[in-house]
Amino acid sequence: MGAVDGAAPGAGAAAGDHGRVRPATPLGEVALLFVKLGVIGFGGPAAHIALMREEVVTRRKWVSDERFLDLLGMTNLIPGPNSTEMAIHLGYVRAGWPGLLAGGACFILPAMAIVWALAWAYVRYGGEPQVGWLLYGVKPVIIAVVVQAIWGLGRTAVKGTLLAAVALAALVLSLAGVNEILLLLAGGLVVPLARSVRGAWVAVAAAPVATVLGGAVPVVAQGMATGAPLGLTTLFVTFLKIGSVLYGSGYVLLAFLRNDFVDRLHWLTDRQLLDAVAIGQFTPGPVLTTATFVGYLVGGGAGAVLATVGIFLPSFVFVAASRPLLLKIRGSRWTAAFLDGVNVAALGLMAAVVWELAQAAVTDGLTALLALVAAVLFIGSKVNSVWLILGGGGIGLAARYLVG
């Protein structure tokens, strides 16, 4: 045992002759895969998870859809960036503890390098890079990628009316602004309780509770910032704190950054903070590499490194600490039902993200056509999403050139 899919790390690939499982591939396989995903991973955590599913479930068969959903459910229950924690988990499944480190680090490093370069250009030339032409074509393709992932995962996760109702409730309540972690916990609690009492009324009763408590987590977390002397140590500790308690979307990250770096420390202006968040949103890989940009503005190269390590280090610790739970997560009917609820609630949250992203990505006839064609190609012909993303970027560039 030792891996979440019931086999030792590295044993999740195809079987060899006579049903024997081939030995683990080199650690470099994990490194190369997550470097690639870090380079092409536009679109935020939902898109990253969709790309990971395509690579490790559909193409490489490292894990099954059920185990992938187990990992996703656990990452949603701990603080930190979900897609980075998925990379860390999947690295372990494939290559053990070295893979755990390589998966996360190789997913983070490309985005860190890109953001670092853009921060250098920002400081030197005083302006943002122009990337709108590329994202114009990439974003509608990302919508198609995520929709396909939700569809594929949903066919595995949604096993009955109760789970479908929980997913739908999570979608609606997320769009209404209810806190994500509370929706996940509510989904995890509703399913085993409803199954134990053989009634769906528990799901109905949980909804108003989640709505009332929805804003509690961000408010409490923001209140944890305390005064500290200036310097690189303060920079590192501040980002370490943020990485340790951050739940929710990028808007929650913005609240943390503004409270600490604009209001408390006075190291950034509001304009610089908005520029930093924009860079984190418009570059591939983890959105939390916004920390790299802020760190560079505050402390140069050393600041960029310390800020990045600070915000991501807790994710490695949380994933490593939660692995014993993963070994037992399907060990009882109650925990299995709990994770079933978390999984479908996570799908509801992903659907809410798609809806919000689509309104920014599909803005005219061309982007609508791009999203539709990408969805048809991806679902119908199983074309690699890398080529669709590159093609979307190329079409965006061509459209920009044609309009002058």
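Restricting to region 75-89, name every residue that is crowded, with 24+ Cβ neighbours inside 10 Å, touching a residue at least 40 places away in the same chain (Cβ under 8 Å) and of a type in the set (A, V, I, L, M, F, W, C).
If the condition is that a residue be crowded, with 24+ Cβ neighbours inside 10 Å, touching a residue at least 40 places away in the same chain (Cβ under 8 Å) and of a type in the set (A, V, I, L, M, F, W, C), then Ala87, Ile88 are the ones that fit.
Out of Gly126, Gly103, Gly96, Gly132, which single residue is out of contact with any Cys (no Cβ under 6 Å at 6 or more places or on another chain) and at pLDDT 95 or above? Before you say what the answer is, go through the steps one by one.
Numbers: Gly126 fails: at pLDDT 95 or above; Gly96 fails: at pLDDT 95 or above; Gly132 fails: at pLDDT 95 or above.
Just a single option satisfies the conditions, and that option is Gly103.
What are the pairs with Cβ atoms under 9 angstrom where one residue, in region 94-111, is among the β-branched types (Val, Ile, Thr) and the other, located anywhere, is in a helix (DSSP H, G or I)? Sequence gap at least six, or different chains.
Partner pairs satisfying both residue conditions: Ile108/Phe34; Ile108/Gly38; Ile108/Thr84; Ile108/Ala87; Ile108/Leu288; Ile108/Thr289; Ile108/Thr308; Ile108/Phe312.
Please verify whether region 16-30 includes one or more residues that are modelled with pLDDT of 95 or more, over 21 Å from Asn343 (Cα atoms), assigned to a helix (DSSP H, G or I) and not small (Gly, Ala, Ser).
Going through region 16-30, the residues modelled with pLDDT of 95 or more turn out to be 30.
Narrowing the set further to residues that are over 21 Å from Asn343 (Cα atoms) leaves 30.
Of the ones still in play, those that are also assigned to a helix (DSSP H, G or I) are 30.
Narrowing further to those that are not small (Gly, Ala, Ser): 30.
Yes - at least one qualifying residue is present in region 16-30.
Across region 40-98, what is the number of residues that are over 20 Å from Gly341 (Cα atoms), over 12 Å from the mean Cα position of the chain (by Cα) and assigned to a helix (DSSP H, G or I)?
Residues that pass the stated criteria total 17.
Of the residues Leu109, Leu90, which single one is out of contact with any Leu (no Cβ under 9 Å at 6 or more places or on another chain) and either basic (Lys, Arg) or modelled with pLDDT of 95 or more (or both)? Please lay out each step first, then the result.
Numbers: Leu90 fails: out of contact with any Leu (no Cβ under 9 Å at 6 or more places or on another chain).
Selected residue: Leu109, the only one of Leu109, Leu90 that is out of contact with any Leu (no Cβ under 9 Å at 6 or more places or on another chain) and either basic (Lys, Arg) or modelled with pLDDT of 95 or more (or both).
Of everything in region 251-300, what is of a type in the set (Lys, Arg) and crowded, with 17+ Cβ neighbours inside 10 Å? Give them in sequence order.
Of region 251-300, the ones of a type in the set (Lys, Arg) are 258, 264, 271.
Correct list: Arg258 only.
Being surrounded by fewer than 24 Cβ atoms within 10 Å (Cβ to Cβ) and more than 18 Å from Gly44 (Cβ to Cβ) is the filter here, so list the residues in region 96-117 that pass it.
If we filter region 96-117 for residues that are surrounded by fewer than 24 Cβ atoms within 10 Å (Cβ to Cβ), which is where we start, we get 96-98, 101, 105-106, 109-110, 113-114, 116-117.
Residues satisfying the conditions are Gly96, Trp97, Pro98, Leu101, Ala105, Cys106, Leu109, Ala113, Trp116, Ala117.
Just a yes or no: is a residue in region 390-398 closer than 27 Å to Arg67 by Cβ and out of contact with any Pro (no Cβ under 7 Å at 6 or more places or on another chain)? Lay out the reasoning, then the answer.
Step one: filter region 390-398 for residues closer than 27 Å to Arg67 by Cβ, giving none.
No.
Within region 57-68, which residues are at pLDDT 90 or above, of a type outside the set (Lys, Arg) and surrounded by fewer than 24 Cβ atoms within 10 Å (Cβ to Cβ)?
Passing the criteria: Val57, Thr58, Ser64, Asp65.
Of all the helices (runs of 4 or more DSSP H) wholly in region 185-285, which have at least 1 residues that are modelled with pLDDT under 85 and closer than 30 Å to Thr335 by Cα?
On the way: elements: 201-213, 216-222, 232-245, 250-257, 270-282.
Answer list for region 185-285: 201-213, 216-222, 232-245, 250-257.
Within region 371-391, how many residues are on the phi < 0 side of the Ramachandran plot and either touching a Ser or Thr at 6+ places or on another chain (Cβ under 9 Å) or among the acidic types (Asp, Glu) (or both)?
Initially, region 371-391 is screened for residues on the phi < 0 side of the Ramachandran plot, giving 371-381, 383-391.
Checking the rest, the ones that are also either touching a Ser or Thr at 6+ places or on another chain (Cβ under 9 Å) or among the acidic types (Asp, Glu) (or both) come to 374, 378.
Number of matching residues: 2.
Kindly indicate whether Gly303 is buried (at least 21 other Cβ atoms within 10 Å of the Cβ), at pLDDT 90 or above and either out of contact with any Pro (no Cβ under 7 Å at 6 or more places or on another chain) or within 22 Å of Ala121 (Cα to Cα) (or both).
Working: buried (at least 21 other Cβ atoms within 10 Å of the Cβ): yes; at pLDDT 90 or above: yes; either out of contact with any Pro (no Cβ under 7 Å at 6 or more places or on another chain) or within 22 Å of Ala121 (Cα to Cα) (or both): yes.
Yes; evaluated as a whole, the condition is true for this residue.
Looking at region 288-404, what helices (runs of 4 or more DSSP H) fall wholly within it and have at least 1 residues that are farther than 30 Å from Val166 by Cα, in contact with a Leu (Cβ under 8 Å, 6 or more places away or on another chain) and hydroxyl-bearing (Ser, Thr, Tyr)? Steps first, please.
Numbers: elements: 290-328, 333-361, 365-381, 385-402.
Hits in region 288-404: 290-328.
When region 358-404 is examined, which residues are found to be within 19 Å of Gln148 (Cβ to Cβ) and among the basic types (Lys, Arg)?
The answer is Lys382, and nothing else.
The values are calculated or read from the model by the stated rules, or taken from the named source; none is laboratory data. Bear in mind the structure is a predicted one, so any value in this text is a computation, not a measurement. Cβ atoms come from the backbone with ideal geometry, glycine included; neighbour counts cover every protein chain shown.
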